[in-house]
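Written out below as structure tokens is the structure these notes cover.
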Amino acid sequence: MKRFKTIPIAVLLLAWLTQWPLAVRAQDPQQNDTPPKPAAKALPPIGGDQEDEQPIPAMQPDNLPVTGFQDLTVGTPPERHSYWAPGFSYTNFISSNAQGAGAANSGWYTTNFLTGNLSLLQNWSRAQLAVNYSGGESFSSNSTIGSSQFQQLGMFQTFTRRRVRLTFLDQFAYLPAAQFGFGAGTGLALPGVGGPLAPVLPGLQNGLTPSQSIFNTIGPRYSNTSGVQFNFLLSPRSSITVGGVFSLLRFTESGNIESNDVILNAGYNYQVSRSDTFGISYRFSAYEYIGSPQAIGDHTVQATYAKRITGRMALKLAGGPEITTFRLPPGVTPSTQHNAVAGSADLTYALPTWNLALAYNHGVNNGSGILLGATTDQVTLSGNRKFGRVWSGNLSFGYARNTPIAGTTANQAPTFDSVYVSAGLQRPLSRTANLTFNYTANIQTSNTGTCPGPTCANFTTNQITIGLNWNGRPFVLH
């Protein structure tokens with residue numbers, strides 16, 4: 001029955017979006033006498049489709065606070081017009097071994113995804129709204145998987161006035177499998193129409209959304225993260241940042257651990273040069289579990305260094321002490337506190353013909369629906385490169401190691417190692433359509449044995465993907 005909770009969300013979202021064409025007259029009046037122009041060309045987020053073959057134009061510098069919630073970017077396109085763009089995609093997965101479903105489902109089967117896409121960018125003189133949305137149906141020849149809905153939404157609203165920048169954001173997903181590696185290398189990986197028409201939405205950092213990096217959870221699931229962030233300039237070089245996010249992770253089937261997460265953050269940023277920024281932050285994370293008396297509180301203090309070269313590179317390094325407390329003593333020890341170190345490293349590098357993103361994160365999270373809290377080491381790598389005038393390729397890799405936070409012996413502690421590897425090719429069929437070919441392997445190993453419950457902890461799934469993507473020309477909002 002939980003599955004049907006997503007239907008009102010989708011209805012409200014579509015109803016809300018239809019109101020925006022009525023509000024376009026509220027744009028900056030200086031734009032009204034300017035003839036409409038095409039949407040700006042820019043590098044899409046890593047893993048998205050990239051059709052434009054023109055060099056990257058001048059970009060506006062990234063001004064996100066280094067101690068904030070969002071990933072840094074190489075810059076934002078200088079587009080001042082507002083528009084929306086529709087899209088459609090058909091994706092066919094030919095797969096072996098239904099993920100985590102045991103030997104009874106070890107043969108090959110097909111799953112078809114029919115997806116409708118929408119991207120919207122609305123600019124005002126001191127505000128901006130960006131939305132990427134995808135949703136549709138999947139149909140599988142495997143009776144265990146059957147048919148299912150899926151939806152993904154990314155929303156980003158900012159208000160700027162003199163020294164103040166207020167940001168609201170939301171990330172929602174209703175998916176048939178774990179979000180970690182889902183649709184890697186295809187248009188299903190990210191919401192929206194993809195390519196240069198999709199507004200660049202700086203994503204939330206790893207550790208701020210509900211972790212789903214253990215593959216063998218059961219059935220479809222939905223997750224949502226909503227956040228607000230306030231940044232105040234103390235001087236041209238310094239600022240303070242405060243904010244909070246609330247997240248939930250729910251499943252349509254029993255046998256998984258559902259959770260609520262609340263994360264509060266405060267930081268100080270100081271720009272020492274045009275490209276170098278330092279910061280220090282404090283973050284508190286609270287994890288509560290539905291149907292369990294256990295609750296976890298996590299405190300971290302981190303020093304941060306960032307280097308940004310507009311249009312080319314964004315580097316961020318952060319690390320510091322981490323103190324984790326438990327409502328109930330975990331495992332076999334009476335201690336309710338665990339001391340450790342948390343850290344992260346993120347690099348985005350872009351050139352006209354290729355781009356690369358690398359991210360690493362170490363710290364405590366909700367436990368991915370399998371554990372009551374976990375310490376996770378996670379690394380992801382993705383990139384795109386052009387080959388000649390028509391072909392382009394993409395590569396994606398992800399690895400996550402999840403272990404209980406503390407208080408268990410080695411032979412009692414369930415450890416999960418999850419890996420996805422993806423490689424693919426893309427060829428445009430026209431200015432608005434492209435064809436994609438992709439191969440993905442999902443691999444998971446665990447020290448819990450072969451099949452400890454209704455799903456297998458150790459398995460390998462192979463996926464061969466063929467996709468057709470189409471997006472309409474942008475409709476300029478006047």
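The values are calculated or read from the model by the stated rules, or taken from the named source; none is laboratory data. As the structure is a computational prediction, the values presented were derived from the model and not from experiment. We place every Cβ from the backbone using ideal geometry, glycine too, and count neighbours over all the protein chains shown.
Of everything listed in (1) buried (at least 17 other Cβ atoms within 10 Å of the Cβ); (2) touching a Leu at 6+ places or on another chain (Cβ under 8 Å), the single unmet condition for Tyr305 is (1). In this structure, does Tyr222 turn out to be assigned to a strand (DSSP E or B), touching a strand residue (DSSP E or B) at 6+ places or on another chain (Cβ under 8 Å) and over 26 Å from Val66 (Cβ atoms)? It is true that Tyr222 is assigned to a strand (DSSP E or B), touching a strand residue (DSSP E or B) at 6+ places or on another chain (Cβ under 8 Å) and over 26 Å from Val66 (Cβ atoms). Selection of strands (runs of 3 or more DSSP E) fully inside the stretch 101-204 by the criterion of at least 2 residues being of a type in the set (Ser, Thr, Tyr) and within 24 Å of Leu395 (Cβ to Cβ) returns 108-123. Asn105 meets all of the listed conditions (1) surrounded by 14 or more Cβ atoms within 10 Å (Cβ to Cβ); (2) touching a strand residue (DSSP E or B) at 6+ places or on another chain (Cβ under 7 Å); (3) modelled with pLDDT under 90 but one, namely (2).
Residues that are surrounded by fewer than 24 Cβ atoms within 10 Å (Cβ to Cβ) and closer than 17 Å to Pro86 by Cα within the stretch 121-135 comprise Gln122, Leu129, Ala130, Tyr133, Gly135, listed in sequence order.
Answer yes if at least one residue in the stretch 296-311 is of a type outside the set (Ser, Thr, Tyr) and more than 24 Å from the chain's Cα centre (by Cα), and no otherwise.
At the first step, the residues of the stretch 296-311 found to be of a type outside the set (Ser, Thr, Tyr) are 296-299, 301-303, 306-309, 311.
Of the ones still in play, those that are also more than 24 Å from the chain's Cα centre (by Cα) are none.
Checking the stretch 296-311: not a single residue is of a type outside the set (Ser, Thr, Tyr) and more than 24 Å from the chain's Cα centre (by Cα).
Answer with yes or no whether Ala345 is surrounded by fewer than 16 Cβ atoms within 10 Å (Cβ to Cβ), within 25 Å of Phe69 (Cα to Cα), of a type in the set (A, V, I, L, M, F, W, C) and modelled with pLDDT of 95 or more. Yes: the conditions hold for Ala345.
For Leu381, the test of being modelled with pLDDT of 95 or more, touching a Leu at 6+ places or on another chain (Cβ under 7 Å) and more than 30 Å from Tyr90 (Cβ to Cβ) is failed. So Gly369 ticks every box in (1) out of contact with any Asp or Glu (no Cβ under 9 Å at 6 or more places or on another chain); (2) assigned to a loop (DSSP other than H, G, I, E, B) but one. Which box is left unticked? Exception for Gly369: condition (1). Go through the residues of the stretch 323-336 one by one and say whether even a single one is at pLDDT 95 or above and not polar (S, T, N, Q). Yes, there is a match, as at least one residue in the stretch 323-336 is at pLDDT 95 or above and not polar (S, T, N, Q). Test Leu169 against the stated conditions and say whether it is under 29 Å from Asn231 (Cα atoms), surrounded by 24 or more Cβ atoms within 10 Å (Cβ to Cβ) and either without any contact (Cβ under 8 Å) to a residue 12 or more places away in the chain or out of contact with any Lys or Arg (no Cβ under 6 Å at 6 or more places or on another chain) (or both). Against the criterion (under 29 Å from Asn231 (Cα atoms), surrounded by 24 or more Cβ atoms within 10 Å (Cβ to Cβ) and either without any contact (Cβ under 8 Å) to a residue 12 or more places away in the chain or out of contact with any Lys or Arg (no Cβ under 6 Å at 6 or more places or on another chain) (or both)), Leu169 does not qualify.
Out of Gly187, Gly207, Gly195, Gly219, which single residue is small (Gly, Ala, Ser) and out of contact with any Ser or Thr (no Cβ under 8 Å at 6 or more places or on another chain)? Spell out the reasoning first.
Numbers: Gly187 fails: out of contact with any Ser or Thr (no Cβ under 8 Å at 6 or more places or on another chain); Gly207 fails: out of contact with any Ser or Thr (no Cβ under 8 Å at 6 or more places or on another chain); Gly219 fails: out of contact with any Ser or Thr (no Cβ under 8 Å at 6 or more places or on another chain).
Testing whether each residue is small (Gly, Ala, Ser) and out of contact with any Ser or Thr (no Cβ under 8 Å at 6 or more places or on another chain) leaves just Gly195.
Listed by position, the strands (runs of 3 or more DSSP E) inside the stretch 233-336 whose residues that are free of Cβ contacts under 8 Å to residues at least 24 places away in the same chain and out of contact with any helix residue (DSSP H, G or I) (no Cβ under 7 Å at 6 or more places or on another chain) number at least 3 are 276-289.
Would you mind finding the one in Gly255, Gly219, Gly244, Gly207 that is modelled with pLDDT under 95 and within 18 Å of the chain's Cα centre (by Cα)? Before you say what the answer is, go through the steps one by one.
Details: Gly255 fails: within 18 Å of the chain's Cα centre (by Cα); Gly219 fails: within 18 Å of the chain's Cα centre (by Cα); Gly244 fails: modelled with pLDDT under 95.
Exactly one residue qualifies, and that residue is Gly207.
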